[in-house]
1. Which one of the conditions (1) within 24 Å of Ala306 (Cα to Cα); (2) outside any strand (DSSP E or B) does Val249 fail to meet, given that it meets all the rest?
2. Mind listing whichever residues of segment 18-50 are charged (D, E, K, R), more than 20 Å from Thr110 (Cα to Cα) and surrounded by 14 or more Cβ atoms within 10 Å (Cβ to Cβ)?
3. Residues in segment 166-215 that are of a type outside the set (Asp, Glu) and either assigned to a helix (DSSP H, G or I) or farther than 26 Å from Ala263 by Cα (or both): how many?
4. Of everything in segment 143-164 that's polar (S, T, N, Q) and not in a loop (DSSP other than H, G, I, E, B), which residue is surrounded by the most Cβ atoms within 10 Å (Cβ to Cβ)?
5. Considering Arg256, Arg241, which residue is touching a helix residue (DSSP H, G or I) at 6+ places or on another chain (Cβ under 8 Å), of a type in the set (Lys, Arg) and not assigned by TED's automatic domain parsing to the domain that holds Trp35?
6. Among the candidates Ala213, Ala195, which residue alone is out of contact with any Phe, Trp or Tyr (no Cβ under 9 Å at 6 or more places or on another chain), aliphatic (A, V, I, L, M) and farther than 16 Å from Asn169 by Cβ?
7. Have a look at Pro2, Pro34 and point out the one that is at pLDDT below 95 and either more than 30 Å from Ala213 (Cβ to Cβ) or of a type outside the set (A, V, I, L, M, F, W, C) (or both).
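The values are calculated or read from the model by the stated rules, or taken from the named source; none is laboratory data. Computed from a prediction, not measured in an experiment: that's the story for all the values here. Positions of Cβ are generated from backbone atoms using ideal geometry, with glycine treated the same way; all protein chains shown enter the neighbour counts.
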Amino acid sequence: MPSFDVSRSIHIEAFPDAVFADVRNFRKWPDWSPWLICDPHAKLTYADDGKRYDWEGPVCGSGIMRITGESEGSSIDYALTFLSPWKSENTVGFRFAEKDGGTEVTWTMTGSLPWFMFWMKSMMSGYIGADYDRGLRMLKDRIETGSVPSKLEFPGIVELPETAYAGINTECPIDEIGPHMRENFAQIREWLEEADLSPSGPPFCSVLKWSPAANVCRYTACVPFLQAPDEGPAGFVSGSRPACRAYQVRHTGAYRHLGNAWAAGMMHARSKVFHGSKRLAPFETYESDPETTPEDELVTIIHIPAK
């Protein structure tokens, strides 16, 4: 069967013993699990000895996580069994190493796919790696600040009108999207002020390509208009987003955790909560001004086109 290996790390401002104790407690996993945040109706069952938990949910499927070995403050090893949507056995581990006055946490997985899914090997590694990155960012916030500024709500299907827009196309590594987006919208704000233009609604970003395996994304950072301007600065594009139906995921919290909303939307589509459509690029709208809104109150709405 095709096998894969995933490893992701993050630095946390806390000593290894404290980080170890937090991760060791399965009852704290719902606070930072990159999968459970996407499936609020998942049922969790914990073993009395604290060495196992079972999950079953309409979005994240079902399975078992069991501790197979541990070294206080240093490492934890797990056997991970997926029961649905397909069966597989995987080996998972955490390593905790003191570094720069804190802890370098490394999360690993070694596993395999059913033989008929051999073509998904590189894709699976990329998506699990992205999930690990999301989980580690939430774990870091939880341990360092006591909470995770990321809340998801699921308004469901909405009907959206045709929308004219102008903006900037960009292609960049996924892990560099934050600085690029800030630069894009700074250019857009400068243009709006110089041209004395007023958008008809909140800015948005259409995601044209997203490839975790290749670490590449391509997007258009936009502002909407009742009618798109005839001219713009060099490098600007304009067009019209067609009317569509879309499944909404509402994210409240820091932009660094927006991946939670995107992952939830994609997981909901795969589990048939709604039927997605590939006729239009998904997009996110920014309902809050990041210059005046605390990061834990920022509201972003993810829209995934639906049939």
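1. (2)
2. Answer for segment 18-50, where residues must be charged (D, E, K, R), more than 20 Å from Thr110 (Cα to Cα) and surrounded by 14 or more Cβ atoms within 10 Å (Cβ to Cβ): Asp22, Lys28, Asp31, Asp39.
3. Of the residues in segment 166-215, 21 are of a type outside the set (Asp, Glu) and either assigned to a helix (DSSP H, G or I) or farther than 26 Å from Ala263 by Cα (or both).
4. The extreme case among them is Ser150.
5. Just one listed residue meets the conditions, Arg256.
6. Answer to the check: Ala195.
7. Pro2
Per-residue answers, yes or no, for (1) part of a helix (DSSP H, G or I); (2) surrounded by fewer than 16 Cβ atoms within 10 Å (Cβ to Cβ); (3) out of contact with any Leu (no Cβ under 8 Å at 6 or more places or on another chain):
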{"residue": "Ala263", "(1), (2), (3)": "yes, no, yes"}
{"residue": "His268", "(1), (2), (3)": "yes, no, yes"}
{"residue": "Ala281", "(1), (2), (3)": "no, no, no"}
{"residue": "Asp289", "(1), (2), (3)": "no, yes, yes"}
{"residue": "Thr293", "(1), (2), (3)": "no, yes, yes"}
